[in-house]
Each structure stands twice: as structure tokens, then as C-alpha cells.
1. Among the numbered criteria (1) free of Cβ contacts under 8 Å to residues at least 40 places away in the same chain; (2) over 30 Å from Gln186 (Cα atoms); (3) surrounded by 13 or more Cβ atoms within 10 Å (Cβ to Cβ), which single criterion is violated by Ala108?
2. From the set of residues in segment 116-141 that are in contact with a helix residue (DSSP H, G or I) (Cβ under 6 Å, 6 or more places away or on another chain) and closer than 19 Å to Gln161 by Cβ, which is surrounded by the fewest Cβ atoms within 10 Å (Cβ to Cβ)?
3. How many residues are among the small types (Gly, Ala, Ser), under 21 Å from Glu113 (Cα atoms) and in contact with an Asp or Glu (Cβ under 9 Å, 6 or more places away or on another chain) when one looks only at segment 134-189?
4. Kindly check whether there is at least one residue in segment 227-237 that is over 18 Å from Met132 (Cβ atoms), hydroxyl-bearing (Ser, Thr, Tyr) and assigned by TED's automatic domain parsing to the domain that holds Ser147.
Amino acid sequence: MKHLIETVRQPFIQLHLLVEWRKPAVEKRYFWHRTSKKRKFIIPVFLALFIGIIFGYILLYLFTNVGNEQNNYNLGLEENEENNAEIEAAHDSIQYETDELSAFVLQAGMFSEQENAKERQKNFEKQNIKSMIWEREGFYYLFVDVSSTKKEAEEKINNFQEDIDLFIKEWNLPSHILNVSEAEKQWLKEFHNLWKQTVARKNLSEEWKQLLDVGGKLQNLSSFISEIKQLLTQEEENDFSLEYFLLKSWKEYEKMLITLKQ
């Protein structure tokens, strides 16, 4: 009987042992199964964070550049608006009629050929007398001095040697109708008045420098102003003649008015 019972129990004991032997493997598989579930959750999270950081940097870079470009664009617009305003102001021309500008000159000759006038001019250079050739209507006039009145011109003739043939002539620069800006109009008026005051033998070198500095931004008058500035530099080089400065600036003024009129 006991042998029979043992025989019956033996299969159950072996089954129990088999189950006990298989249990660690099951638990091990269950552990890795749980770990794999965690990995399936953690890896996407880290990938999402990584991708989010990358995109964040990209968007930050893009928005920063867009902001800078917008600021540069706005600055460019402001500069363009200022430039356009200046251009419009410069081209907003008005009609202006200049005043006549006349004075009394000491004339040393009138020639139909420029070469003859230059030969005569050389004679004055030998005597350290500055003279200027003024061409008008096909003739070349040689001037050595200018005065505001005829009486003053007569007194000046006595300062020259008797063998120098001079005579007094009233020289006139007629009025011109121009299309200029308001700033150019005011500058031309100032030049006209300052020239007349200087002919009256007033020392106004500082006033001339100020006037030329103010006119430096007037593009239509730039070449004329540069010419007058060059004449004034001769004063600093001790090669300045007020008479020559007045005659030369007067002549250049006429040339500039004719250019603006065209």
C-alpha cells in the first residue's frame, strides 16, 4: 500500500519540482518585459525633448534674425525717407529773378582775339599787377580793378603808372530768371549783397568763409562755390588780391547764372 502511494505521489513531486525550476525564468522574463515597457516609454520622451530643444534653438535663431532684419529694414526706410525729403526739397524749385550787379571797372583793353588779350595781360604780370580776361559777345575785355563808384575808380587810376593806358567803364551783370530751390535763392541773395559790400572796400573775409560753408550742401552751386573757395585760399598763401578776387568771383557768378538758366 505504501509503495502504491509513493508511486502515485512521484509524478506530482516531479511536476512540483519542474514548476519550481521554471519559476525564475518566468520571473526573469517578466522583469525584462517590464523593463522593455519602460524603455518604450522613456526613449520617445528623450527623443521628444531632444527634438524640442533643437527646434527651439532653430526658432530662436530665426526670430532673432527676423528682428534684426526688421530693424535694419526700418532704419533703411527712415534713411530713404530723409533722403527723399531732401531730394524733394532740393527739386521743389521756385522762380527767382536775380538783381542786376554793376560796378565800375578799370579796363586795360578790348580785343577780338583772346591771344592778343593774353599778350597784353603778360605785360601787367611783369609789373606784378593781376588782371583778368572777361569774354562777352565775342570780345575779350582785360580788367585790372573794380570800384563801387566812378569817383573811386578815378582815384585809383592815379595809383598806376602814366604809361599804363586805362579807362573807366561801367560793367553790368543783368538780371536772370532762374528756377532754384528756396535755399539756393537765399544763398544767391547773400552772395549778391556780400559782393557789393566787399566792393565798397569792407574787410569781410570771415563772412565769405561762412557763406561758402553754408552753401556747401547746395549741389547746383557746388562748382561755383569751389571756385570761390579756391580764390580765398590765395589769401592764406599771401598771394591774394582783393581786386582780382572781386573780378574773378563776379565773372564766375555770371557763368553760374547762365548755367542755371539753361
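1. Condition (1) is where Ala108 drops out.
2. Of segment 116-141, the ones in contact with a helix residue (DSSP H, G or I) (Cβ under 6 Å, 6 or more places away or on another chain) are 130-134, 140.
Next cut, closer than 19 Å to Gln161 by Cβ only: 130-131.
On the way: Lys130: 20, Ser131: 24.
The residue in question is Lys130.
3. Residues of segment 134-189 among the small types (Gly, Ala, Ser): 138, 147-148, 153, 175, 181, 183.
Now drop any that are not under 21 Å from Glu113 (Cα atoms), which leaves 138.
Among the residues that remain, those that are also in contact with an Asp or Glu (Cβ under 9 Å, 6 or more places away or on another chain) are: none.
The qualifying residues number 0.
4. no
Residue-wise test of (1) at pLDDT 95 or above; (2) in the same structural domain as Glu100 (by TED's automatic domain parsing); (3) more than 35 Å from the chain's Cα centre (by Cα).
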residue: Tyr141; (1), (2), (3): yes, yes, yes
residue: Glu154; (1), (2), (3): no, yes, yes
residue: Ile157; (1), (2), (3): no, yes, yes
residue: Asp163; (1), (2), (3): no, yes, yes
residue: Phe167; (1), (2), (3): no, yes, yes
residue: Trp171; (1), (2), (3): yes, yes, yes
residue: Ile177; (1), (2), (3): no, yes, no
residue: Ser181; (1), (2), (3): no, yes, no
residue: Ala200; (1), (2), (3): no, yes, yes
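The values are calculated or read from the model by the stated rules, or taken from the named source; none is laboratory data. Since the structure is predicted, the reported quantities are computational estimates derived from the model, not experimental observations. Neighbour counts run over all protein chains shown; Cβ positions are idealised from the backbone, glycine included.
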